[in-house]
1. Using +1 on the beta carbon of Lys and Arg, -1 on that of Asp and Glu, and nothing else charged, what's the dipole of the stretch 98-194 about the Cα centre, debye to 20?
2. Distances over 32 Å make up what percent of all Cα-Cα pairs in the stretch 4-323?
3. About its Cα centre, what dipole magnitude does the stretch 4-323 give when the only charges are +1 on Lys and Arg Cβ and -1 on Asp and Glu Cβ, stated in debye to the nearest 20?
4. What translational D, rounded to a whole number of µm²/s, comes out for the stretch 54-190 from Stokes-Einstein when the hydrodynamic radius is the Kirkwood one over Cα pairs, at 20 °C and 1.002 mPa s?
5. Work through the residues other than Asp132 whose Cβ is under 13 Å from its Cβ and net out their charges, Lys, Arg +1 and Asp, Glu -1.
6. Which shape class applies to the stretch 148-220: rounded if a/c is under 1.5, otherwise prolate when a/b exceeds b/c and oblate if not, where a ≥ b ≥ c are the square roots of the Cα gyration tensor eigenvalues?
7. What dipole magnitude, in Debye to the nearest 20, does the stretch 49-100 give about its Cα centre under +1 on Lys/Arg Cβ and -1 on Asp/Glu Cβ?
8. Can you run phi through the Karplus equation (6.51, -1.76, 1.60; θ = phi - 60°) for the stretch 311-328 and list ³J(HN,Hα) in whole Hz, with x for Gly and Pro?
Amino acid sequence: MKRRDFVRTLGSAGGIAGLGGAAGVLQATAAARPRPLAARESGYGPLIDDEFRLVVLHTNDTHSRMDPFPMDGGRFAGLGGAARRATAIRRVRAENEHVLLLDSGDIFQGTPYFNFFGGEIEFRAMTAMGYDVATLGNHDFDNGVDGLVEMLPEAGFEFVSANYDVSESALEGQVRPHTVREFDGVRVGIFGLGIAFEKLVLASLHEGVRYTDPIAAARTACEELRAQGCSLVICLSHLGYEYRASDRPSDLTLAEAVPEIDLILGGHTHTFLDEAVVFGQGQTGFTVVNQVGWGGMRLGRVDVTFDVARQASGWAAAGYDIDDRLDA
Ligand SMILES: [Zn+2]
């Protein structure tokens, strides 16, 4: 763990927890000018003022929370809400040309929206928000493989999982190990990792889908994506942030084991990271790990800058609270 540093993110300057009013989202965005620390330190080429920037927005474990949490006096009362999330995303898009919107799984389960409509509402809302890619969480199997397959036509975005072998299941051809998005010549590779089914998903619900070692799958995915010319590799992980048992795959063990990943956007453990964690390593000089709690209460943001040679050269992380300040 020596190489793991907790780096102050721009969230602390703009305030992940303290965005000042609805307009605060925009102010925080404006303040979120990425600092190419890694670039300067690792000796990448000169950066120019209008350096290329990709904004990566991400969620995890939204768990069918279409509406804000009810005003029941509970800890999360009034927080979240898909409409507010859509507003935040729209504002970021209005200010940035290159935006990628990702989800790290467990879209399903948690409210009557799922019980009644089986995921249709969640997928349609995410499609309307312009999600690009998601991975599968354990709860996305709650209606079985067939229940998931039935809903996929509603998802106008892709699913990736590199360590779930779906070749013997109805998901064959619908969930790929990885995908590539291109922004003005910058190629970004995105792959997914899912958690072991044992004790989480009944065998009958993941019929034909086989869990394989996530570390090995990650290494293969990185190789394939770099071979396809990707200068940034993002992992959508539903492994969980950290476990006491050090041999259990997690986002932190993954970051140490596979330095070729640049961003690990996590899920499953519902971890609210107030600051992203970074490891200095790999081709880009960084592996950033982030996770934004659950229930759609936060929208995560990692900005990646690219130098004149279109190599990823720096990063900055921030996050937005999704609350009633976005109602205005
Ligand atoms: Zn999960």
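1. Dipole about the Cα centre, nearest 20: 280 debye.
2. Details: 11230 of 51040 pairs.
Here the long-distance tail beyond 32 Å is 22 percent of all Cα pairs in the stretch 4-323.
3. On the way: 26 positive and 43 negative charges, 172 e Å.
Around 820 debye, computed over the stretch 4-323.
4. 135
5. On the way: positive: Arg93, Arg181; negative: Asp103, Glu158, Glu182.
Cβ neighbours under 13 Å give a net charge of -1.
6. Oblate is the answer for the stretch 148-220, as a/c is 1.5 or above yet b/c matches or exceeds a/b.
7. Around 320 debye, computed over the stretch 49-100.
8. With coefficients 6.51, -1.76 and 1.60, one gets 9, 4, 10, x, 8, 8, 10, 8, x, 10, 6, 9, 8, 5, 5, 8, 6, 5 Hz.
Coordinate-derived values only; no laboratory data. Note that the structure is predicted; figures quoted are calculated from it, not measured. Note that we place each Cβ from the backbone using ideal geometry, even for glycine, and neighbour counts take in every protein chain shown.
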